[in-house]
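Scroll down for the structure; my scribbles are underneath it.
The values are calculated or read from the model by the stated rules, or taken from the named source; none is laboratory data. Fair warning: this is a prediction, and the values are worked out from it, not measured in the lab. Using ideal geometry, Cβ is built from the backbone for each residue, glycine included, and neighbour counts are taken over all protein chains shown. Each accessible area value is taken on the protein alone, full model and side chains, heavy atoms only, with ligands, DNA and RNA left out. Shrake-Rupley method; radii C 1.70, N 1.55, O 1.52, S 1.80 Å.
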Amino acid sequence: MSPPSIAHSVVEPSGRSKGIAGAVIVLYAAISMVPLVWIFLTAFKSPPDSIAYPPKIVFKPTLDGYCNLFTTISRQTEDYIASLPPATNVCDRIARARNMVVAGPSNFVPRFFNSLVIAFGSTALSVLLGVTAAYAFSRFRVRGKDDLLFFILSTRMMPPIAVAIPIYLMYRELGLSDTRLGMILLYTAVNVSLAVWLLKGLMDEIPRE
């Protein structure tokens, strides 16, 4: 005996409907890309052009932004700049055109690396703790489950400024101030509550064996 068939009232879209839908998608994608393109173009603008009003669409490209990001520059006198040897790279030439010299590399690379370590570390720890807690709430009978879940979520309702001073004093006593481990633990404490709720909802959708 064949299983009963389920009727669907699906109508095959016409070629015109497909064309309109495709045009709408392309238009939406193009509009969504405008802010990204604008950010990319701003990276090649000079400081005055980047804040000009009305905004400049046609401009002379420059690497000022990248030189300011990756190098440290300082203002010097014209006599000192004239006594220096010829510029050896683009950033040197750009700095000297503004009566400045490149003093050395900036702190962008080490700070960016610290951000990556903190971001991946706190995310991994939040997911690990969130999975274990969400699995327990989803698969076991926990007394007062709803109250506990609400309490976990309510920690995100607390304004950060209310705990800034106590956390700073605690971190200073524990030696965690201005450390990667301290930032990882702090971001984990903030984000683990949201991870528990999101992962519990996901586990509730998975059928039990």
Q. Among the listed residues Leu202, Leu176, which satisfies the condition of being farther than 14 Å from Ser126 by Cα, surrounded by 11 or more Cβ atoms within 10 Å (Cβ to Cβ) and free of Cβ contacts under 8 Å to residues at least 24 places away in the same chain?
A. Leu176
Q.
Tally up the residues in segment 38-70 that are of a type outside the set (Val, Ile, Thr) and not in a loop (DSSP other than H, G, I, E, B), please.
A. 14
Q: Kindly provide the set of residues from segment 71-92 that are assigned to a helix (DSSP H, G or I), surrounded by 14 or more Cβ atoms within 10 Å (Cβ to Cβ) and modelled with pLDDT of 85 or more, ordered by number.
A: Cys91, Asp92
Q: Can you confirm whether segment 76-87 contains a residue that is touching a residue at least 24 places away in the same chain (Cβ under 8 Å) and closer than 30 Å to Arg180 by Cα?
A: no
Q.
Condition (residue is in a helix (DSSP H, G or I), in contact (Cβ under 8 Å) with a residue 40 or more places away in the chain and closer than 21 Å to Ser122 by Cβ) applied to segment 142-149: is it met by at least one residue?
A. no
Q: Name, by its number, the condition in (1) under 30 Å from Ser106 (Cα atoms); (2) open to solvent by 70 Å² or more (accessible area, probe 1.4 Å) that does not hold for Pro47.
A: (2)
